[in-house]
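Just below is one structure, and these are the notes that go with it.
Each reported figure results from applying straightforward, stated rules to the coordinates on display, with no laboratory input. It should be emphasised that the depicted structure is a prediction, and the values quoted were computed from it without experimental measurement. Here the Cβ positions follow ideal geometry from the backbone for every residue, glycine too, while neighbour counts run over all protein chains shown.
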Amino acid sequence: MSNDLDGAMCAHLSDQVENRQHQAAVMLETRHLSRRVGQRALVQDVSVQVAEGEILAVVGPSGAGKSSFLRLLNRLDEPTAGTVLLKAKDYRSIAAQELRQRIGMVMQTAYLFPGTVSANVAFGPRQRRQALAAAHIASLLERVGLPGFDNRDVGNLSGGEAQRVALARTLANAPEVLLLDEPTSALDEEAVRGIEELVLGIVQERRMACVIVTHNRAQAARLAGRTMVMEAGRLVAIGATREVLHDD
């Protein structure tokens, strides 16, 4: 019974997301995006659009190019052909620091700096010589479910708590796009569901575009209105999540 209810809920949410998509502006677009390293094609000719308020899942077998694709979206790696548009502007015309402020990324492992939680959250603005008010830090931590963690040492955090801090640190930059690379793969089931609920709420509140790489197809069904499937660096399918995953 619960599986039937979960399926019905996923289908309903997917319908809602698809309907909103038709009305939402395109936030992020790739055009013939490719990356080769030597003779190896990591990403080949991928063209896709992601609307504001949309979560797009990227799935596929190991070595399909999922993470390589994600790293191209904020120029952690450079494309060897094609480009990315952020709000219809070629991202190569945007300074790297500004680009990574506007396109935030949370990795599989929360790479936190030694010190306090609040110092980690304030890192991005501090790099731009902007002070983040203590009240703002507290508000961000409360939003990610960590009220009162401001002065906690990051060495004393659980895996789920560390990922929440990493998300708060990204949100401190007020990004327009959120990239998630297997953000829950190292977490237990309870922490996974907590991060998923958090991501859904924040994307809806802030109307961000979100791209999540996941090996967990059930997670894609819970989070994403659309899913793209990659194989050998190529985009081989894209569409409503329930249809793409069912057909695949």
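Running Debye on the stretch 2-247 with equal point scatterers at the Cα sites and no solvent, what base-10 log of I(q)/I(0) appears at q = 0.13 Å⁻¹? Summing over Cα pairs of the stretch 2-247 leads to -0.80. Relative contact order of the chain: 29 percent, from C-alpha pairs under 8 Å at least 6 residues apart in sequence.
Can you figure out the FRET efficiency of GLN108 with ALA81, using R₀ = 41 Å and their beta-carbon distance, to the nearest 0.05?
Numbers: r = 27 Å, r/R0 = 0.66.
Between GLN108 and ALA81 the formula returns 0.95.
Working note: Karplus 6.51/-1.76/1.60 with θ = phi - 60° gives the stretch 60-72 the couplings x, x, 4, x, 6, x, 4, 5, 4, 4, 4, 5, 6 Hz, where Gly and Pro are set to x.
For the pair SER158 and SER47, a Förster radius of 41 Å applied to the C-beta separation gives a FRET efficiency near 0.55, rounded to the nearest 0.05. Karplus-based coupling profile of the stretch 30-36, in residue order and whole Hz: 9, 10, 6, 5, 9, 8, 10, with θ = phi - 60° in 6.51 cos²θ - 1.76 cosθ + 1.60 and x standing for Gly or Pro. Across the stretch 226-240, rounded Karplus estimates of 3J(HN,Hα) from the backbone phi angles (6.51 cos²θ - 1.76 cosθ + 1.60, θ = phi - 60°) give 10, 9, 10, 10, 10, 9, 6, x, 9, 7, 10, 7, 7, x, 4 Hz, Gly and Pro being marked x.
Just to be sure I understand: of the beta bridges DSSP finds with both ends in the stretch 2-247, what percent are antiparallel, rounded to 5? Percentage antiparallel, nearest 5: 55. The stretch 91-165 and the stretch 35-54 have their alpha-carbon centroids 27 Å apart.
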